[in-house]
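A short reminder: the numbers here are calculations on the coordinates, not readings from a lab. Since the structure is predicted, the reported quantities are computational estimates derived from the model, not experimental observations. Please note: Cβ atoms are built from the backbone with ideal geometry, for glycine as well, and neighbour counts cover all protein chains shown.
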Amino acid sequence: MKLVYGKGNSTMKMKQRLGEKTFDFVNTLFMLTLILVTLYPFLYVLFASVSDPGLLAKNRGILFAPVGFSLRAYELVLNNAMIIIGYANTLFYVIVGTAINIFLTSLGAYALSRRNVMLKKPIMMMLVFTMFFSGGLVPTYLLINDLGMMDTRWALIIPSAMSVWNLIIMRTSFQGIPESLEEAAKLDGANDFTILFRIILPLSLPVLAVMVLFYGVGHWNSYFNAMIYLRDRDLFPLQLILREILITNSTDNFITGVAGGDRYPIGETVKYATIIVATLPILFLYPFLQKYFVKGFMIGSIKE
Amino acid sequence: METLRTETRETKSPALSTNETYWKRLAKDLIRNKYIYIMLLPVVIYYLVFHYGPMYGVQIAFKNYNTTEGIWASPWIGFNHFVEFFNSFYFWRLIKNTFLINFYELIFAFPAPIILALLLNEIRKMWFKRVVQTISYLPHFISIVVVVGMLVDFTTIDGLINAILVSFGFEPISFFQQADWFRTVYIGSGIWQGIGWGSIIYLAAMANINPALYEAAKIDGAGRFKQVLHITIPGIAPIIIILLILQMGSMLSVGFEKIILMYNPMTYETADVISTYVYRKGILEASFSFSAAVGLFNAVINFTLLILANRISRRVSETSLW
């Protein structure tokens, strides 16, 4: 290769190399900025949440460390009845909701990954059509009302029982499993349920992890259905409580016991502490699940 | 399997008996694959009830729905609700806001993950690339309530962002109270939350590009910039087009979940979009028929745009959804 470039080219090559060095430097700088911009808001919230409320109120602006130190906000948050109820409700919605999601999605994905099923195509088309067209918000709302699900826990679980997108990801993954495995089981008299639960699912742990992550995070983060379907505060998920605290700005029920002058500053740190408390589970699980979801995403994107 | 296939071919030829044999074959198939169909039963029921049910219910857009008579018995009134919507004071404002948010999203938010993916692909140190990726995916998993909550807090007049602005000598801005700022804040925070996650699909597509192409280009003397231009970008073009078609298909829909948290009467002028209007009219004010009509109008336009975009793309680039 060196022979190809004559002497006259060597300065050009040096220039090119210099250009690449500059590019690499600027690119690295850009990525560092991206990391900073992504992480700093969380760091800020973390610092502010453990800061001394009074000092923080006088010191609003960029923080590089907590100002003072106080866990008073966490004390208020963790002893607040609504936060605890919201947390418990959210755990229920996440666990039961995700279990139903995974069960139904596996059934559908398995059935639609088989060959020689005559109604496979029309059923698949029927599901995919719902990705592009829907009856809309109001007819759905009236349906939930007519089904008697209004103001019950089921309104947050049954209407979002599965997603076509996730079914396609799972189906693609199932299709990649060699058929010889099930053929052997079939000869031994295994039916499709046995094949799915005993052979296919145990071989599909990565895609199952991805599904748990997608559905689970979806349940953890959703607020809209709860907002329109629930009236009873005892059924509220955490996100709805968060919405009251962070966006409609009512920290009142936290600070009833706090003396007059301290109320405003404590209300502020309570907000930050609530964000941390509500986001911590996801931040904790995230690094462990991270390696799976890239894989799962790729499985889905190949066939798409 | 082989016999089944030949059977299919034979039954196709005698035109008169196809119908009957189709049902016969179906009956056989239902028995042979009974467990498969048992598995599909709950799935099909779910989609019929919770997705096709609302499509049946959308007929109230052409009716005067009242709760006592129900969907079926309420009286038909034709296109009155649509006409009322087209003539309403809000119509053009809603269309303009919805379209503009999408338009800016297309210009700024759509290319952002592509650019990030291209830049990430140029990082030679694998550990650094992994660190950047891991961190950039993170905001995708944070709930919209928390993201908007942080935004509200950071953009208050004495909040973090204004403190930074002031330290650079700018005037503080009350972002959430000014209609002019709404789109910028909405799209900017959207990019912040979605850029990393959006880049995954492009990085996956880049990983599938044949390395021999790069080798060949290097021998031909192509520098890194030319390699990106002539190999990487063409390599991810199909996936860009697919996502672009999907984006076009949602040209007249904006997720209401985030806007509902962000807007207030002071910013309605730029922030109120069709879906948020449907939410206010339908859920908060209980004008079910009218808002169902607005929603249906939106859904039909979206579906038409999707089909159109798909057709154009199939013709121009031979890439399409179906």
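Taken over the Cα atoms of chain A, the convex hull encloses 235 Å³ per residue.
The spread of Cα positions in region A:9-58, taken along each principal axis and listed from longest to shortest, comes to 66, 17, 9 Å. Could you give the distance between the Cα centres of region B:23-57 and region B:186-260, to the whole Å? Centre-to-centre (Cα) distance: 37 Å.
Just report the Cα centroid separation between region B:58-82 and region A:143-209, whole Å. Value for the Cα centre distance between the two parts: 38 Å. Based on a Kirkwood Rh over C-alpha pairs, give the Stokes-Einstein translational diffusion coefficient of the protein assembly as shown at 37 °C and viscosity 0.692 mPa s in µm²/s. In µm²/s, the coefficient is 118.
With the highest mean first, a sort of the peptides A:91-97, A:187-193 on other beta-carbon atoms found within 10 angstrom per residue produces A:91-97, A:187-193.
Counting Cβ atoms of other protein chains within 10 Å of each Cβ in A:45-53 and taking the mean gives 1. Plainly put, region B:227-309 has a radius of gyration that is 1.17 times its Kirkwood radius, both from alpha-carbon atoms, as the Rg/Rh ratio. Projecting the alpha carbon convex hull of region A:102-181 along each direction and taking the average yields 6.5 nm². For the pair B:Tyr104 and B:His230, a Förster radius of 41 Å applied to the C-beta separation gives a FRET efficiency near 0.85, rounded to the nearest 0.05. Note on B:62-71: average number of Cβ atoms from other chains within 10 Å of each residue's Cβ is 1. The Kirkwood radius of region B:184-322, taken over pairs of alpha-carbon atoms, gives through the Stokes-Einstein law at 20 °C and 1.002 mPa s a diffusion coefficient of 117 µm² s⁻¹.
Report note on the peptides A:211-223, B:90-102: ranked by the mean count of other C-beta atoms within 10 Å, highest first, their order is A:211-223, B:90-102. Among B:Pro238, B:Pro42, B:Pro172, the largest mean-square fluctuation in a Gaussian network model of chain B, built with springs joining Cα atoms closer than 10 Å, belongs to B:Pro42.
Here the label points at B:Glu122 and A:Ala88, each 7 Å from Cα along the C-beta direction, are separated by 5.5 nm in the simple model.
Decide, for region A:121-232, between rounded, prolate and oblate: order the square roots of the alpha carbon gyration tensor eigenvalues as a ≥ b ≥ c, take rounded if a/c falls under 1.5, and otherwise choose prolate if a/b is larger than b/c, else oblate. In terms of gyration-tensor shape, prolate.
When peptides B:296-308, A:120-132 are ranked by their average number of other Cβ atoms within 10 Å per residue, the highest-first order is B:296-308, A:120-132.
In chain B, helices alone account for a calculated mean residue ellipticity at 222 nm of -21000 deg cm²/dmol, with every DSSP H run of four or more residues adding -39,500 (n - 2.57). Within region B:81-317, the proportion of Cα pairs with more than 32 Å between them is 35 percent. Is there a pair in A:Lys13/B:Lys125; A:Lys120/A:Lys186; A:Lys121/B:Lys28; A:Lys271/B:Lys258; A:Lys121/A:Lys186 whose C-alpha atoms are over 27 Å apart, and which pairs would that be? Checking Cα-Cα distances, every pair stays at or under 27 Å.
Shape class of region B:31-152 from the Cα gyration tensor (axes a ≥ b ≥ c, square roots of the eigenvalues): oblate, since a/c reaches 1.5 or more and a/b does not exceed b/c. Per residue of B:162-168, other chain Cβ atoms within 10 Å of the residue Cβ number 2 on average.
By the compact-protein rule of thumb, 2.2 N^0.38 Å, the alpha-carbon radius of gyration of region B:89-131 corresponds to a ratio of 1.92.
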